[in-house]
1. Using 0.36 nm per residue of separation minus the Cα-Cα distance, give me the extension gain between B:Ile80 and B:Arg659 in nm, one decimal.
2. Report ³J(HN,Hα) in whole Hz for each residue of the stretch B:314-320, in order, from the Karplus equation J = 6.51 cos²θ - 1.76 cosθ + 1.60 where θ = phi - 60°; Gly and Pro get x.
3. Give the Rg (one decimal place) followed by the Dmax (whole number) of chain A, computed from C-alpha coordinates and expressed in Å.
4. So, by mean Cβ neighbours within 10 angstrom, what's the order for B:608-617, A:91-100, B:390-399 with the highest one leading?
5. For peptide A:225-235, how many partner chain Cβ atoms fall within 10 Å of a residue's Cβ, on average?
6. Summing Lys, Arg as +1 and Asp, Glu as -1, what charge do residues with Cβ under 14 Å from the Cβ of A:Phe174 carry, A:Phe174 excluded?
7. Does anyone have the angle between helix A:459-474 and the longest principal axis of chain A? Alpha-carbon axes, 0 to 90°, nearest 10?
8. For the stretch B:293-347, evaluate the Debye formula with one uniform point scatterer on each Cα (no solvent term) and list log10 I(q)/I(0) at q = 0.23, 0.28 Å⁻¹, rounded to two decimals.
Amino acid sequence: MTPNGYPAPPSIDWLMTMPALLVAGVGIVALMVEMFWPRRSNSAIIFLSLIGLAVAGYFTAIQFGMPDGETFARMIVRDRLGLVLQLLLIGIAFISILFSEGYLREKRIPFGEFYPLLLWATSGGMVMIATKSLLIQFIGLEILSIALYVMAGMSRNEAKSEESAIKYFLLGAFASSFFLYGIAFVYGATGGLHLDLIAEAWKADDPSMRNLLLFGFGLILIGLSFKSAFVPFHQWTPDVYQGAPTNVTAFMAAGSKVAAIGALFRVLEASGVMQEFWMPALFWIAIFTMTLGNLVACTQRDVKRTLGYSSIANAGYLLVALLAHFKSPDKVGLQATIFYLVAYSLMTLGAFAVVSLAAKGGKEGTRFHDLAGLYRRAPVAAGLLVVFVASLIGIPPTAGFFGKYFIFLDALQADLAPLAIVLAVNSAISIYYYLGIVRAAFVAEDSPVRPAMSGPVTFGNSLATAICAVGVLGISFVTAPVFEFLAGR
Amino acid sequence: MGYGAIWLVIGLPLLGFLVQALLGKFVIDRLGAKRGKWTMGLLAVAPIAIAFAIGAMLTANLASLPADQRHFVLTLYIWITLQSLSIPFEVVIDPLSLTMVLIITGIGALIHLYATGYMAEDKDYPRFFCYLNLFIACMLVLVLGNNLALLFIGWEGVGLCSYLLIGFWYKDLANAKAANKAFIVNRIGDWGLTLGMFMLVCVLAGASGSLTNGGDNRWLSYDVILPNAIALLKDNPGIATAIALLIFVGACGKSAQFPLYLWLPDAMAGPTPVSALIHAATMVTAGVFLLNRLHVLFELSPVASAIVACVGAFTALFAALVAFGQTDIKKVLAYSTVSQLGFMFIACGAGGYWAGMFHVTTHAFFKALLFLGSGAVIYAMAHNQDLRNYGNLKKYLPITCWTMFIGFLAIAGIPGLSGFFSKEAILGHALAGTFAEWDGIRLGYVAGWVGLFVAALTAMYMTRMTWLTFFGGKEQWRSIPAAAHDHHDDHSHHAQHAEHEGHGPDVHGFFYTEEEITRNRDMEDHGHHHELDASHTPKEVPPSMWIPLVALAVLSLGGGFLLYNGGLFEKWLYPTGLALLPPGQVQAHPHDIPLVGLSIGAALLGLLAGYAVYRKGLPGKEGWDMAKWNPFRREALVQFGYDHAMVEAADEGGGALARGLWRFDSGVIDGIVNAVGGLTKGLGDLFRMLQTGYVRAYALLMLLGGIGLLGWFLYAMNRVGAGGHG
């Protein structure tokens, strides 16, 4: 108590929230640059953004090894998972910015606003991960989502971009309402917003409270399932991915997924007491998500749409990894999940970066036949596309192979053999459409009537794809140290 | 010098390989063609020569030890560790491996030296020596490795180098096809060798508890296999025979024995130094080496040994007969190599393993000499290889002629020269031994008589080759018929060849575009040297080529006597005799047969018969007009139809099989696959129909999903009992 009777202000560890604040702050500064020198200084904005991300990454990295804890009245949390995923998000934003410049210029939407929006979306995702408070999680989710709504509609002279933004906004609002409603129920049952209260309230063994809790938890699960693109809350994914500018799609596929899976982990971890209820439900959701994502992907003729369905299927794989961990936390750590998140982010970003080369002169063709002849126009990029697709399929020695392999092992260890089998079968199915992408890039141009488009390969794009390719190939040679690091040993 | 120097012996050729591969083009571009090639040639010969010097010192070291201590195993590191199998990277130093090292590096260095002259005009000079050095390194791994896995690395490595060198002038489709043939036929041998290896591992690992010296799971190492094989297989002659025969299949492939010999004659498409080094002196003797290395397994199985002796005898006879019909000088030597390899297998089959190795050694001397001599002739005769265009070359090529004449006398079995001693040892073992028996029939004995007959044939066809080339007075190239310009050991007509074939890869523009083909042809025609024609005057070859000839001639002349004298070679390789067989069953000298007299008689008979026919040069009925040939010779030219039949059978039969499989594949397998694919696609289409594109539909599905999820929670809660202790 302070002398005047108010409670003492909580002591705050600013370092814990520094990365997210930095990213958001740099976004604001970047926006000011855009305001004062409109349409002039995109390179200044990009430079600023990259520096800001690097500094934020530094402040995240130095926190490894510091004790876990919470600050801001238990609204911000620091633990290994949170730090790793925040770092991953920063990396995703970094790579997205690298290849955005050339793409936006070719697409004739060189708005400086893009970069601040991307930074804010990143900071939203980081907040989602770095908290155990439901309300903060919701705020993070909204920061992430609203920025993405705007970015999805950035290509204003394209109807499908507008459509993408509107669809995403409407359905996202719908999902957010589930989430918020769920928080209200949980608050009602626990009297607080912190996730740890769920277990306490559950153990109080009051039937009506339990009903309330479970109902609230279910609603929250729906909200996060939407963001993670689990079936049957997935239908926005292909439409939005297809319509949004490709660099936005890339960030959405990687960054948004990382944030959603991170938040989902927090919620499921806190709700371990209710496992007997949600485990069967999520078991079937995982099966449907993997299977439906892959099956429908086979029928697609558009690269971005295909990758959209692929991201649904990958969400299913990630869910399997999470379930294996929660089924037997003693035997199965969280390493496979994080490893696959990293692998998935790298290969998806890389693939989208290559696909973004199809933009030229304000137009962009992303159907398979638009890729035709890419190997002649941009042989290196086409070669790297093969690497990314090989990783998505899961061919050794790529990160995708090891990621899937570890998930497979985890599922078997945790007595989730059916999920392991469905995962393996789905991997086999996925070869078909992934190879379709490669084949499209490597067939010769056979239709002179409709010349395939392709812009120049910028330095930023080369750098982005190179980072992704090195990561995809390199990480598979250091899986053991990476796992040790993730396990905190 | 410590035995660790053995790593240098392997390492130097490997280093040479890297130098040639990485620096070759650079050096030649930098120093110009002449000095660059001189430098690279030196860098190619030096590692082999140094390796030979080290090998010789190690051999001297080893020889100074008591006989029962001449065995060292050096381990570099553990290469493969599995749960129940460990394969170290280890070498064995013993008389057998060092003998091979001396042959490989000694003959190898001479042939490298020769090749610096022979290949001097080739623009792919460094590529040639790159392969050749790699070959030496692989061959050394093959003979020095202390386990079958390392042997297999070397085995495949030399196979690869052989393939690359046969197809060295790859732009000629015929060469590329010959390389393919060698590679493919050798796969059959590898099939046997690998199965034999696996069976050995199974037998050893299955009895791992009761082994001596097997504690560390090195199931493929000789020092584990050999001591234990006797105890394990003594009462299992069936398994011993199976393993021995499978390994012999491998040996047949590499050492060109019937029925797998047919790649070796085609392998003569490679440059002549390659034929001398790989396809006569070293690689093709790997099978004999392998049988020596694993002789315990063959000692355990008289049946397998009898088969080895029979296959050897038949091959020797068959190839000697075929040699009579050949007109290409290198083909004659190729069949003679096949035939001599048959002799080595007769020895191994009869239990005279040391005699087999002895013949490997002397054969390396005189066959390398003959091949290099033939190369000198080909070089002097504008790369024409047809015997019918030669004659009276002793006048122009005295050094080549007389060194090669020594080689000829050695292979013919004239007493005192090296071939006589080793052939004598082989025939002696075969005729005296009682070991190689099958069902009471002394097959080894039969093989011995066949061998004696073949010795006479050898003397005769070698006389034919020598007289047609060097003697006879008539200079045949002065009157070549117009249609006779083929048989080239050269690369001047490759593009045209490919076009003649009509279905070469180049025609489809697969490897080269039309312009590139034209450009390549122009470039090659530019450096094209003149055809053999009536005005041609052969010139003696440069010193880099005749020095090796002289060295090898000296070895052919005296090597046999030196090694044979006092049983030196036998006591060096097998100081304590064989592991199992008593001296009574394997002996070198038959008591009831006057072998020395008979074999001298056979050699002289062959020589005189040959001289009688060919002393005046090319007889009219062996000339360019094949219609005048007698039927035997015509058949011999085409290997009595065997090669054709095999290739046809493989081609047609393989084609028919493939078509059958294709029908099965396209009908049944594809049917299933397409059905699965169709099902997948159908399901995908079905789910896709849910993707209407309307936000209201998406929201509805979300709502239904949410209701489903919450409904499940409600149901589960009620089932457990809301107040229950969940």
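1. Details: separation 579, 0.36 × 579 = 208.44 nm, distance 4.03 nm.
Full extension from B:Ile80 to B:Arg659 adds 204.4 nm.
2. Each residue's phi maps through the Karplus curve to give 5, 4, 4, 5, 4, 5, 5 Hz.
3. Answer for chain A, Rg first and Dmax second: 21.9, 83 Å.
4. Details: B:608-617: 15.5, A:91-100: 26.3, B:390-399: 19.8.
Packing order, densest peptide first, comes out as A:91-100, B:390-399, B:608-617.
5. On the way: counts 4, 3, 0, 0, 0, 1, 3, 10, 7, 5, 13.
Mean shielding by partner chains, rounded to a whole number: 4.
6. Values: positive: A:Lys167, A:Lys227, B:Arg696; negative: A:Glu142.
Summing Lys and Arg as +1 and Asp and Glu as -1 gives +2.
7. 60
8. Here the Debye-derived log intensity ratios amount to -0.78, -0.97.
Coordinate-derived values only; no laboratory data. Source: prediction; values computed, not measured. Virtual Cβ from ideal backbone geometry, glycine too; neighbours counted across all protein chains shown.
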